[in-house]
């Protein structure tokens, strides 16, 4: 979901340096910010880590939408802690990207004016409480599938950020599934709500891995650099294989009539999502693109006086300290 | 020590719990919308502390009431006139400065209250206060620093903070005005004499606002009616329509 | 305003863009419950050191990770450069006796 739509940059450095760089990556060494790296590697990483960070921040919104409507005090606390974690994950990732020579505010502005993207999934609305279950179970499930291998990515700060993210993420999917279990064991209305949420989030979740990229040149470069660890199709297959039995356990029906276990490949055959819809969402025509970007822009614009005010105070305080010495 | 009237104790516990419930709800409204990521995370921590305290206070209130209600029942199934929070905490968030000013004014009272409650004659009250006081010590430090930073920041931030103080100051008095419930609690040693909290609280508020270069509004007028439940502001009802919606729309469901 | 990348002087900075009024970047070090040394846990932005410590508490100790926090502005960190990597680190690589596993201790001696 983060690497999938990132095009890797072509690079025109000295072939000898490139070969030495590639040899380090092949040997499993981590590349650190001060090390030499091809310009394309740097640019691709900024784009990918930035996009990943933006996804965490915009991803706060669909779930934040239900914090004030959570049905119990405990659910409210859990959901709030979870959405807070996403802010934290965004923060770790921005810091990782900053080691590459871009500032967080610059990346933020690129998100706000549309130059940088975030994961398409967060442009879908959360309409019922069951969506909190579906998002945790499916969306975080898909995200984890993508993030676990990225702990081994070649860029040191990115890898370290992902290790921290994954450590914290394990509770997210569980809390989502826990909501689904409660709903499915509840009243008929609650179970219908859960089925409805699965119906709406199934295909958008499959889209999170991006279109098939097995023949993509960009993907091949990113995989050689170990900033993308698996193909989109591999991850999608793994996600479906893991999720279908979980849906069965809940007594819910995956909205795909063609879904069938395939003994030969040892995985499910399943229907592809509607890729036209995917590209529309990426282009800005998803159900909530406008609201999501408007919310981020408002927070940024409304917060300017606060950021400036606290900084001005810090500078005054420092000046007073110097004057007193 | 006199025997505590259980009805009055219930009332007192609802006041403590409703304050943290309503303020925690308000602060949680910021999640995903704060001026900067670090503040977003910090606000969520404050809200989480307050929700946790709510579970303890309302849990004890439900136990004292003895009618088989839970903390969630109290939070999600009472209407406006049964809420006992002070008016200050139900005021809307406004801008970030207004939110932080509200937080600081409440924190300053809350800390002194909790400190006193750690010595409560009621062991359960003392235990809850002992846990909460550590959290609130940090709340007041953080909100106080933010009020100072913004008050003494740019001319715009100063102007906004003065406006927030002018708006919210008339809601401070209610926290210190004792009624029959407070008198009964003080007499039984459950809770402190509210008037006694005022000195320490005023000292802190005065020092912070001075450093923030903000002027405390003149005049002693104080709104009231929140903690007695006699007359809340219109804002509380709207807050409840969100907070209680699922429980009201699907009665009998478990979540 | 500090340069956000001062800890990483090799990263190119496009000096052409206007100077921004951003909160400086801080590196955060935390010592946990068990008496280990302070360890680098990550970075964050804050207007000054007091807020940096508070932010570090809120961001990096959400799960009781630490009891003591250090913050240092990223631009104040001096770091070895990659070209020094050989001379700085290779001598210690040859001193394998510094590592406890260098010594074979008989089992009968017990834990050491």
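Using a ≥ b ≥ c from the Cα gyration tensor of chain A (square roots of the eigenvalues), is it rounded, prolate or oblate, where a/c under 1.5 gives rounded and otherwise the larger of a/b and b/c decides, a/b for prolate?
Details: a/c = 2.03, a/b = 1.20, b/c = 1.70.
Judged from the Cα gyration tensor, chain A comes out oblate (a/c at least 1.5, b/c at or above a/b).
Of A:14, B:18, how do they rank once you tally other Cβ atoms within 10 Å and put the fewest first?
Details: A:14 9, B:18 28.
Least crowded to most crowded, the residues run A:14, B:18.
For the protein assembly as shown, what is the largest minus smallest coordinate of the Cα atoms on each principal axis, given in angstrom and ordered from greatest to least?
85, 73, 68
With a Förster radius of 30 Å, plug the Cβ-Cβ distance of residue B:121 and residue B:141 into 1/(1 + (r/R0)^6) and report the FRET value to the nearest 0.05. Kindly include the intermediate steps, with their values, before the conclusion.
Details: r = 29 Å, r/R0 = 0.97.
Efficiency computed from Cβ-Cβ geometry: 0.55.
Given the options B:135, B:11, B:39, state which has the largest fluctuation in a GNM of chain B using a 10 Å cut-off (strictly under) for Cα springs.
The residue that fluctuates most here is B:39.
How well do other chains shield peptide A:182-190, expressed as the mean number of their Cβ atoms within 10 Å of each residue Cβ? Could the numbers behind the result be given before it?
Numbers: counts 3, 3, 0, 1, 5, 5, 0, 3, 4.
Neighbouring Cβ atoms belonging to other protein chains average 3 per residue here.
Can you give the Rg to Rh ratio for region B:198-253, taking only C-alpha atoms and Rh from Kirkwood?
Details: Rg = 18.7 Å, Rh = 15.2 Å.
Result: Rg/Rh = 1.23.
Across peptide B:47-58, what mean number of C-beta atoms from other chains lies inside 10 Å of a residue's C-beta? Before the final figure, lay out each step's value.
Details: counts 6, 7, 1, 1, 8, 3, 0, 3, 5, 0, 0, 1.
Per-residue shielding by partner chains comes out at 3.
Report the relative contact order of region B:6-249, percent, no decimals, based on alpha-carbon pairs under 8 angstrom and at least 6 residues apart. Present the calculation step by step, with values, prior to reporting the outcome.
On the way: 358 pairs, mean separation 61.1, N = 244.
Worked out over region B:6-249, it gives 25 percent.
Say R0 is 25 Å: what FRET efficiency, to the nearest 0.05, do residue C:21 and residue B:93 get from their beta-carbon distance? Don't skip to the end; give the middle numbers.
Details: r = 25 Å, r/R0 = 1.02.
After rounding, the FRET efficiency stands at 0.45.
Quote the relative contact order of chain A in percent (integer), defining contacts as alpha-carbon pairs under 8 Å separated by 6+ residues. Each step should come with its number before you reach the end.
Details: 388 pairs, mean separation 64.8, N = 325.
Here the relative contact order equals 20 percent.
In degrees, nearest 10, range 0 to 90: what is the angle between the Cα axis of helix B:194-211 and the longest Cα principal axis of chain B?
Value to nearest ten degrees: 20.
Ignoring everything except DSSP H segments at least 4 long, calculate the 222 nm mean residue ellipticity for the protein assembly as shown; use -39,500 (n - 2.57) per segment, divide by total residues, nearest 500.
Values: 26 runs with 397 residues, N = 692.
It comes out at -19000 deg cm²/dmol, rounded to the nearest 500.
Compute a Gaussian network model of chain A, connecting alpha carbons closer than 10 Å, and tell me which residue from A:59, A:303, A:40 fluctuates the most.
Of A:59, A:303, A:40, the Gaussian network model singles out A:303 as fluctuating most.
Which angle between 0 and 90 degrees, to the nearest 10, do you get for helix B:155-168 versus the longest principal axis of chain B when only C-alpha atoms count?
The helix B:155-168 is inclined about 30 degrees to chain B.
For chain B, set up a Gaussian network in which alpha carbons nearer than 10 Å are linked by springs, and say which option among B:124, B:103, B:242 fluctuates the most.
Comparing B:124, B:103, B:242 in a Gaussian network model of chain B, the most mobile one is B:242.
For a footprinting-style exposure proxy, rank B:232, A:218 by other Cβ within 10 Å, fewest first. Walk me through the numbers before you get to the answer.
Working: B:232 23, A:218 17.
The fewest-first ordering by Cβ neighbours comes to A:218, B:232.
I'd like the mean, over residues of B:143-156, of how many other protein chain beta carbons sit within 10 Å of each residue's own Cβ. Let's see the in-between values first.
Values: counts 0, 0, 6, 6, 0, 3, 13, 7, 2, 7, 13, 9, 2, 6.
Average per residue, whole number: 5.
Take A:150, B:236 and order them by how many other Cβ atoms sit within 10 Å, fewest up front.
Numbers: A:150 25, B:236 21.
Ascending number of Cβ neighbours within 10 Å: B:236, A:150.
Considering only C-alpha atoms, what is the centroid distance from region B:176-234 to region A:211-289, in Å?
58
Mind checking the angle between helix B:96-117 and chain B's longest principal axis? C-alpha axes, 0 to 90 degrees, to the nearest 10.
The answer is roughly 50 degrees.
So, how do all the Cα-to-Cα distances of region B:159-236 break down into 5 Å bins, in percent, from 0 on up?
3, 13, 19, 22, 18, 14, 8, 3, 0
Let me know the shape class of chain B, please: from the alpha-carbon gyration tensor, a ≥ b ≥ c as square roots of the eigenvalues, rounded when a/c is under 1.5, otherwise prolate if a/b is greater than b/c, or oblate.
Judged from the Cα gyration tensor, chain B comes out oblate (a/c at least 1.5, b/c at or above a/b).
Given labels modelled 7 Å from the Cα in the Cβ direction, how far is it in nm from residue A:248 to residue A:304?
My value for the distance between the label points is 5.6 nm.
For region B:1-96, what is the relative contact order in percent, using Cα pairs closer than 8 Å and at least 6 residues apart in sequence?
Numbers: 110 pairs, mean separation 38.2, N = 96.
Relative CO of region B:1-96 lands at 40 percent.
In whole Å, what are the Cα extents of region B:51-153 along the three principal axes, biggest one first?
Result for region B:51-153: principal-axis Cα extents of 52, 32, 17 Å.
Which value, in Å to one decimal place, does the Kirkwood hydrodynamic radius take for region A:240-325 when every pair of different Cα atoms is included?
Details: mean 1/r = 0.0537 Å⁻¹.
Kirkwood hydrodynamic radius for region A:240-325: 18.6 Å.
Rounded to the nearest 0.05, what FRET efficiency is calculated for residue B:195 and residue A:294 with R0 set to 45 Å and r the Cβ-Cβ distance? Let's see the in-between values first.
Working: r = 48 Å, r/R0 = 1.07.
Taking R0 as 45 Å, the efficiency between residue B:195 and residue A:294 is 0.40.
Subtracting the Cα-Cα distance from 0.36 nm times the residue separation, let me have the gained length for residue A:74 to residue A:187 in nm, one decimal. Please report the intermediate quantities before stating the final value.
Numbers: separation 113, 0.36 × 113 = 40.68 nm, distance 2.00 nm.
Extra length from residue A:74 to residue A:187 when fully extended: 38.7 nm.
Is the shape of region A:142-233 best called rounded, prolate or oblate, per the rule: a/c under 1.5 gives rounded, else a/b larger than b/c gives prolate, else oblate, with a ≥ b ≥ c the square roots of the Cα gyration tensor eigenvalues? Could the numbers behind the result be given before it?
Working: a/c = 5.57, a/b = 1.80, b/c = 3.10.
Taking the square roots of the gyration eigenvalues as a ≥ b ≥ c, region A:142-233 is oblate.
Laboratory data are not the source of any read-out in this text; all were calculated from the coordinates shown. Remember, predicted model here, so these are calculated numbers, not experimental data. Ideal geometry is used to build each Cβ from the backbone, glycine not excepted, and the neighbour counts take in all protein chains shown.
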